[in-house]
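Taken together, the values in this text are just the output of simple stated rules run on the coordinates, not laboratory data. As the structure is a computational prediction, the values presented were derived from the model and not from experiment. No Cβ is skipped: glycine too gets one built from the backbone with ideal geometry, and neighbour counts run over all protein chains shown.
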Amino acid sequence: MTDHQNQLEALEMKVNALQHQVTSQLESVEHSLEYDWVKKDSLAQYYLQEQRQDVFVLTCVVQSILTDVEYMMKEEKEKTESNEPNHE
């Protein structure tokens, strides 16, 4: 395994952790919007709606980065496999 592959795997783990964090935060905000006191408080609703939009954008960006990292890992693996000599 090359140093480049190791770096890509480390990056993938970091992005996965970030994805878990933003997904958890999005679920928390959506859950908070269901509280009765929030439904009665227009300022709280507005604030949580804004937070939900912001976190949703982050979720989309993180997913896009993860997709790119997975693509780079696939490309690196194919490149490495094509450079290996055949043992027949």
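Please report the net charge: other residues with Cβ closer than 12 Å to the Cβ of His4, K and R +1, D and E -1.
Counting the neighbours of His4, the net charge comes to -2.
For Leu26, what charge total do you get from the other residues with a beta carbon under 14 Å from its beta carbon, if Lys and Arg give +1 and Asp and Glu give -1?
Overall, the nearby charge balance is -4.
What's the exposure ranking of Met72, Met13, going from fewest to most Cβ atoms within 10 Å? Working shown, then result.
On the way: Met72 16, Met13 11.
Exposure proxy ranking, most exposed first: Met13, Met72.
How far is helix 42-83 tilted off the main Cα axis of the chain, in degrees rounded to 10, range 0 to 90?
10
Each residue of segment 26-34 in turn: what ³J(HN,Hα) in whole Hz from Karplus with 6.51, -1.76, 1.60 and θ = phi - 60°, glycine and Pro shown as x?
4, 4, 5, 5, 5, 5, 4, 5, 8
Under the Karplus relation 6.51 cos²θ - 1.76 cosθ + 1.60, θ = phi - 60°, what is the ordered set of whole-Hz ³J(HN,Hα) values for segment 11-18, x standing for Gly and Pro?
5, 4, 4, 5, 5, 4, 5, 5
Out of (1) 18.0, 57; (2) 13.0, 38; (3) 20.2, 73, which label holds the value of Rg and Dmax of the Cα atoms in Å that was computed here?
(3)
Taking 8 Å as the Cα distance limit and 6 or more residues as the minimum spacing, I'd like the relative contact order of the chain as a percentage.
Numbers: 41 pairs, mean separation 36.9, N = 88.
So the answer I get is 42 percent.
With labels modelled as points extended 7 Å from the Cα through the Cβ direction, what inter-label distance (nm, one decimal) is found for Asp54 paired with His31?
So the two model labels end up 2.0 nm from each other.
Using a Förster distance of 41 Å, how high is the FRET efficiency between Ala44 and Thr67, based on the Cβ-Cβ distance and rounded to 0.05?
Plugging the Cβ-Cβ distance into 1/(1 + (r/R0)^6) gives 0.75.
If each residue's Cβ is checked for other Cβ atoms within 10 Å, how do Thr23, Thr2 rank with the fewest at the top?
Values: Thr23 15, Thr2 11.
Taking fewest neighbouring Cβ atoms as first place, the list is Thr2, Thr23.
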